Each structure stands twice: as C-alpha cells, then as structure tokens.
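Undergrad: Questions regarding the structure given below will be posed in turn.
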Amino acid sequence: MTSLVRHTTIDCTDAHRLASFWAEVLDGSLAEDDLPGDPEATVTAAGGALLFVTVPGAKAGKNRVHLDLQPQDRDRDDEVERLLALGATLVADHRRADGSGWVTLADIEGNEFCVERSAAERAG
C-alpha cells in the first residue's frame, strides 16, 4: 500500500494568523478548535488541507516547495488582484503578451506561491 498526503505543513511565526489568510485565499475554513495563539492551525479547502505550525524565527531563503493556485471562478489576473487585496505581495510577474504565464506572490509571512491561468483561460 502507498502513502497519502494528509496535508501540506507550513512553518510560520503565527499559525492562526497565517491560516486565517489562507482560509480566505482558498475559501476554506479553520478547524473549530483553532484559536489565536495556538501553536497549530488547520485549513481545510476543496483542494486539500494545509497545516500551519508555529516555529521560532522568521522564514529565511526561498521556499523549497510552493503552492500553485488555479482560479476556479475568475481569471488569473482577477485572482491576483483579489490576493493582493488580502495582503499578498508581488514577487515576480511571469505573464506573457499572449496571455500565458503566471504570477508569483508571497503570503503575509513571505512564503511564495504562484497563480496560474484558470482552466477556461487555458482552453480559450
């Protein structure tokens, strides 16, 4: 029998705060018993679960693993604008004149993630 990815774990300085950000990004929810100040917080969303664990020290260096998001109900550019309004920051813009490409953002603790084109944009 093989293994199954139960959740992706992200180290952070404030588990509840970062989990709350990602719950908004993914239209997910925090576990009922996840409260501010807790050392761990879990976000459950349609694509899976993210576990945030408070660790000492801030992020240092580039992520070795990152999330690639594909908007489901809007196009890439609208999703980038929504995420920036939630507090994400622009890291790199890889959009091309032909509409392809992606945008690299960072969450509120500096963890990079990418926003790709929606399925409709890819089919288009």
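Undergrad: Out of 20, 100, which single residue is over 13 Å from the mean Cα position of the chain (by Cα) and polar (S, T, N, Q)?
TA: Residue meeting the stated conditions: 100.
Undergrad: Looking at 109, 121 in this structure, which one is charged (D, E, K, R), surrounded by 15 or more Cβ atoms within 10 Å (Cβ to Cβ), more than 26 Å from residue 54 (Cα to Cα) and touching a helix residue (DSSP H, G or I) at 6+ places or on another chain (Cβ under 9 Å)?
TA: 121
Undergrad: Let me ask something else. State all residues of the range 1-48 that are assigned to a loop (DSSP other than H, G, I, E, B), under 18 Å from residue 67 (Cα atoms) and open to solvent by 100 Å² or more (accessible area, probe 1.4 Å); if no residue qualifies, say none.
TA: Of everything in the range 1-48, those that are assigned to a loop (DSSP other than H, G, I, E, B), under 18 Å from residue 67 (Cα atoms) and open to solvent by 100 Å² or more (accessible area, probe 1.4 Å) turn out to be 4, 5, 6, 27, 46.
Undergrad: Do we find that residue 104 is surrounded by 14 or more Cβ atoms within 10 Å (Cβ to Cβ), closer than 16 Å to residue 9 by Cα and among the polar types (S, T, N, Q) in this structure?
TA: no
Yes/no per residue for (1) under 30 Å from residue 123 (Cα atoms); (2) within 15 Å of the chain's Cα centre (by Cα):
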position: 37; (1), (2): no, no
position: 45; (1), (2): yes, yes
position: 51; (1), (2): no, yes
position: 56; (1), (2): no, no
position: 61; (1), (2): no, no
position: 70; (1), (2): yes, yes
position: 74; (1), (2): yes, no
position: 81; (1), (2): yes, yes
position: 84; (1), (2): yes, yes
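The values are calculated or read from the model by the stated rules, or taken from the named source; none is laboratory data. None of these values were measured; they are calculated from a predicted model. Cβ: placed from backbone, ideal geometry, glycine included. Neighbour counts: every protein chain shown. Accessible surface areas use protein heavy atoms only, side chains included; no ligands, DNA or RNA. Shrake-Rupley method; radii C 1.70, N 1.55, O 1.52, S 1.80 Å.
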